[in-house]
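Everything below concerns the one structure shown next.
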Amino acid sequence: MEAYIVGICIAVCGNFLISISLNIQKYTHVRQSQRGTRPYYTSRVWWVGVLLMGLGELGNFSAYGFAPASLIAPLGCVSVIASAVISVLFLKETLRASDVLGGALALTGTYFLVTFAPHSSPHVTANMVERSLVSWTFLIYFMFEALLFAILMYLYKCRNVKHIIIMMILVALLASVTVISVKAVSGMITETLRGSHLQLTYPIFYIMFIIMITSCAFQIKFLNEAMKLFDATEIVPINYVFFTASAVVAGILFYEEFYGISLVHVLMFGVGCLLAFTGVFLIARARPRIKMDSVFISMEQMPGKSCTDKVQPQKDDSKYKTLASKLTCSSANTQDEP
């Protein structure tokens, strides 16, 4: 079987497990808040969701070792579709016309992405990563990113500009570094397991590993801050678009994944991205967000009255395509609970 097909299958399965995990955790939060029993983390069902989350993230990490980053990153829309289906079937959320249309567009976009994305990329070795890090193309790109990041941080921290676009661009800039480092680490591990050459003895492996952990941590930080200021229905589609775009750019400039690809394939890949982006926006559009604290307030105001309102699950958890994004969504759901 072709390596990129293995990567696609692993990524799809990983995103599907993540969507199941996040719906399980949301169900646990809702059940625990309605019953007013022990904390959610004492529930075995919640820990099953955490385990599935870990397996899904491990799958996504492994997929980068088999397929190009520009192919794996957009497949995050699979978790969007799966989460919508699961929430309708098992959490009894209302199925809207925009969900059906968005799902159809996202599936069509996924087909275009899988068909026209680059199906091969250079084997990721320590020597290859070292050469790419000092290439003029990457150095110019990195300096541009660093300058833009510094400007946005000045606006965000010093000028107190809390615009959603500024925050999502900050996350996307970090995501670009994350994608580069994740693919480097995953690719070197894959090469080692294949037995072609031991990569774990090179210092660059551990440097990229530290960069991966650090960039993920800062992504989580900024996404959590964004979740406190803006509604998830705004954050989810914007973050998905920016993350995918940053992953594609990283794949082009650092790993040269589109080298030798025809113009027709590039244009059709762009069409696939546009369809997937539109589908995600439609699914996330006007998605209600009901916090658990409002449930407790209503219960306190009306003693003896059980809460019968239908609590909608959040779709924000299922949209993030990197390790940091998924972890952030889970953290955000937890913060919403009293």
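The values are calculated or read from the model by the stated rules, or taken from the named source; none is laboratory data. Every value quoted in this text rests on a predicted model; they were computed, and no experiment measured them. In this analysis, Cβ positions are derived from the backbone assuming ideal geometry, glycine residues included, and neighbour counts consider all displayed protein chains. Ligands, DNA and RNA are stripped out before the accessible areas are found, and what is left, the full protein with its side chains, is counted by its heavy atoms. Shrake-Rupley method; radii C 1.70, N 1.55, O 1.52, S 1.80 Å.
Here are the numbers:
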{"item": "Qualifying positions in segment 1-31 - closer than 15 Å to F61 by Cβ and free of Cβ contacts under 8 Å to residues at least 12 places away in the same chain", "result": "C9"}
{"item": "Residue in segment 233-243 that is of a type in the set (D, E) and surrounded by 19 or more Cβ atoms within 10 Å (Cβ to Cβ) present", "result": "no"}
{"item": "Residues of segment 132-166 classified as loosely packed, with under 13 Cβ neighbours inside 10 Å, part of a helix (DSSP H, G or I) and of a type in the set (D, E, K, R), total", "result": "1"}
{"item": "Filter result (out of contact with any helix residue (DSSP H, G or I) (no Cβ under 7 Å at 6 or more places or on another chain) and either modelled with pLDDT of 90 or more or exposed (fewer than 13 other Cβ atoms within 10 Å of the Cβ) (or both)) within segment 103-131", "result": "A104, Y111, T115, N127, M128, R131"}
{"item": "Enumeration of residues in segment 32-51 that are open to solvent by 50 Å² or more (accessible area, probe 1.4 Å), free of Cβ contacts under 8 Å to residues at least 60 places away in the same chain and part of a helix (DSSP H, G or I)", "result": "R35, Y41, T42, R44, V45, W47, V48, L51"}
{"item": "Odd one out for I210, checked against (1) over 24 Å from the mean Cα position of the chain (by Cα); (2) of a type outside the set (S, T, N, Q); (3) open to solvent by 90 Å² or more (accessible area, probe 1.4 Å)", "result": "(1)"}
{"item": "Condition check for S294: within 26 Å of V30 (Cβ to Cβ), modelled with pLDDT under 90 and either open to solvent by less than 60 Å² (accessible area, probe 1.4 Å) or within 21 Å of the chain's Cα centre (by Cα) (or both)", "result": "yes"}
{"item": "Residues (free of Cβ contacts under 8 Å to residues at least 12 places away in the same chain and within 20 Å of I220 (Cβ to Cβ)) located in segment 137-162", "result": "K157"}
{"item": "Given (1) open to solvent by less than 10 Å² (accessible area, probe 1.4 Å); (2) of a type outside the set (K, R); (3) out of contact with any Gly (no Cβ under 8 Å at 6 or more places or on another chain); (4) at pLDDT 85 or above, index of the condition I5 fails", "result": "(1)"}
{"item": "Residue in segment 199-216 that is modelled with pLDDT under 85 and farther than 16 Å from K162 by Cβ present", "result": "no"}
{"item": "Of residues in segment 73-100 being of a type in the set (G, A, S) and more than 22 Å from F112 (Cα to Cα), the one most open to solvent (accessible area, probe 1.4 Å)", "result": "A97"}
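Per-residue answers, yes or no, for (1) of a type in the set (S, T, N, Q); (2) crowded, with 22+ Cβ neighbours inside 10 Å:
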residue: M168; (1), (2): no, yes
residue: M188; (1), (2): no, yes
residue: R194; (1), (2): no, no
residue: Q199; (1), (2): yes, yes
